[in-house]
Amino acid sequence: MAWYLIVAVVLASLLAIAIVLQIVGQTRERRQPAPATLLGPAGARRHVRLRGRGLGPTVVVEQGAGGVGPLWWAVQDTVAEFAPVLTYDRLGRGWSDDASRKRSVEQQVEELRELLEIAEAAKPYVLVAHSWGGLIVRQFARKYRDRTAALVLVDTLEEASFFRPYVLNIYARFCMILSIVAFLQALGLPRLWSTLFGGSREIDARSVALAQLSLRPTMYRGMRDDFRSLARLPASQRESWLAGTFGALPLVVVTHGQPFPGPLATVERHWGAGQQRLAALSTNSRLVVAKNANHMVQDDEPAVVVDAIRRAYDAATKGRSLAD
């Protein structure tokens, strides 16, 4: 047999093994109970983790693009020492039920409102958002001002700094990469590699949950779909909000101190000015720079994020000024 036929047979065999591993692995994982609680009607259940005690307000964490609850569990457990705090997976993400890939930001605002009512989370809410999730919580706070006690925006998008042609072009290429990664995940190649060379097993619940999700194509499709949704926003939603939009609503803006790496460095050009505009949305605000953090501030400097949430919570419940 010619050498190239041997190579072809070996590669085909490895691909077949990878596909079988992917099917078996995902089937096994679907049969396992979700790490936290599933709430909501059949077909629209959300994966929810609620920690902490107290009468409220409830701290509610909204994820970035494609994000899932476990990314915030470490911060959540610390915040739970002084407030009830809820993390969740949006529909189509993590362990939540599937959903249309073309839902608008407005639809997801309503899905958040519905979830918080089902979860019976104590109102009003201290809404904490990372990255893309800032679009949801800001619209929620504007539409449901009476249910919003405070906002904490962690390295979130600001319209005038993001909706620029060169930035949108970068994320269009990023979406292509995510599609390729999702395709490779569907073939089971990363799972095969992990099986052969994965090394030690993760032992804590957060690491196990994230390890499982990282081998599912849905995680990368979800991130891609969230980024694609930005291209569907109408022109009216691509402009900066007016200063003072939220009056004196307590608002803490946390932004990264380490520049974006690689091709994302061009996004850095207008990012700082955008974060200042976000802070100007309230007359009772604070802008914090996490000096040693990149975009995943909750991982790089969790103490900074926890402190921001505590300050916003105290401003909402004790009337403290964020300028102090």
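This table checks each residue for (1) at pLDDT below 85; (2) touching a helix residue (DSSP H, G or I) at 6+ places or on another chain (Cβ under 8 Å); (3) acidic (Asp, Glu).
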| site | (1), (2), (3) |
| --- | --- |
| 159 | no, yes, yes |
| 186 | yes, yes, no |
| 238 | no, yes, no |
| 243 | no, yes, no |
| 247 | no, no, no |
| 250 | no, yes, no |
For residue 127, the lone unmet condition from (1) in a helix (DSSP H, G or I); (2) in contact (Cβ under 8 Å) with a residue 12 or more places away in the chain; (3) under 18 Å from the mean Cα position of the chain (by Cα) is (1)
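Matching residues to (1) open to solvent by less than 20 Å² (accessible area, probe 1.4 Å); (2) farther than 26 Å from residue 316 by Cβ; (3) basic (Lys, Arg):
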| site | (1), (2), (3) |
| --- | --- |
| 47 | yes, yes, no |
| 56 | no, no, no |
| 59 | yes, no, no |
| 68 | yes, yes, no |
| 99 | no, yes, no |
Picking from 255, 218, 266, the residue that is of a type in the set (S, T, N, Q) and in a strand (DSSP E or B) would be 255
The residue that is least open to solvent (accessible area, probe 1.4 Å), considering only those in region 297-307 that are out of contact with any strand residue (DSSP E or B) (no Cβ under 8 Å at 6 or more places or on another chain) and of a type outside the set (Asp, Glu), is 306
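Per-residue answers, yes or no, for (1) within 20 Å of residue 102 (Cα to Cα); (2) at pLDDT 85 or above; (3) surrounded by 17 or more Cβ atoms within 10 Å (Cβ to Cβ); (4) aromatic (Phe, Trp, Tyr):
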site: 169; (1), (2), (3), (4): yes, yes, no, no
site: 196; (1), (2), (3), (4): no, no, no, no
site: 205; (1), (2), (3), (4): no, no, no, no
site: 224; (1), (2), (3), (4): yes, yes, yes, no
site: 229; (1), (2), (3), (4): yes, yes, yes, no
site: 256; (1), (2), (3), (4): no, yes, yes, no
Counting only residues in region 73-88 that are assigned to a loop (DSSP other than H, G, I, E, B) and without any contact (Cβ under 8 Å) to a residue 40 or more places away in the chain, the one nearest to residue 116 (Cα to Cα) is identified as 84
Residue set 269, 310, 286; condition in contact with a strand residue (DSSP E or B) (Cβ under 7 Å, 6 or more places away or on another chain), open to solvent by 40 Å² or more (accessible area, probe 1.4 Å) and among the charged types (D, E, K, R); output residue 286
Within region 174-186, residues more than 18 Å from the chain's Cα centre (by Cα), touching a residue at least 24 places away in the same chain (Cβ under 8 Å) and open to solvent by 40 Å² or more (accessible area, probe 1.4 Å) come out as 181, 183, 186
The number of residues in region 27-72 that are of a type outside the set (S, T, N, Q), more than 23 Å from residue 225 (Cβ to Cβ), modelled with pLDDT under 90 and part of a loop (DSSP other than H, G, I, E, B) is 5
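The values are calculated or read from the model by the stated rules, or taken from the named source; none is laboratory data. Just so it is clear, the structure is predicted and the values come from calculations on it, not from any experiment. Virtual Cβ from ideal backbone geometry, glycine too; neighbours counted across all protein chains shown. What goes into the accessible areas is simple: the full protein's heavy atoms, side chains included, and nothing from ligands, DNA or RNA. Shrake-Rupley method; radii C 1.70, N 1.55, O 1.52, S 1.80 Å.
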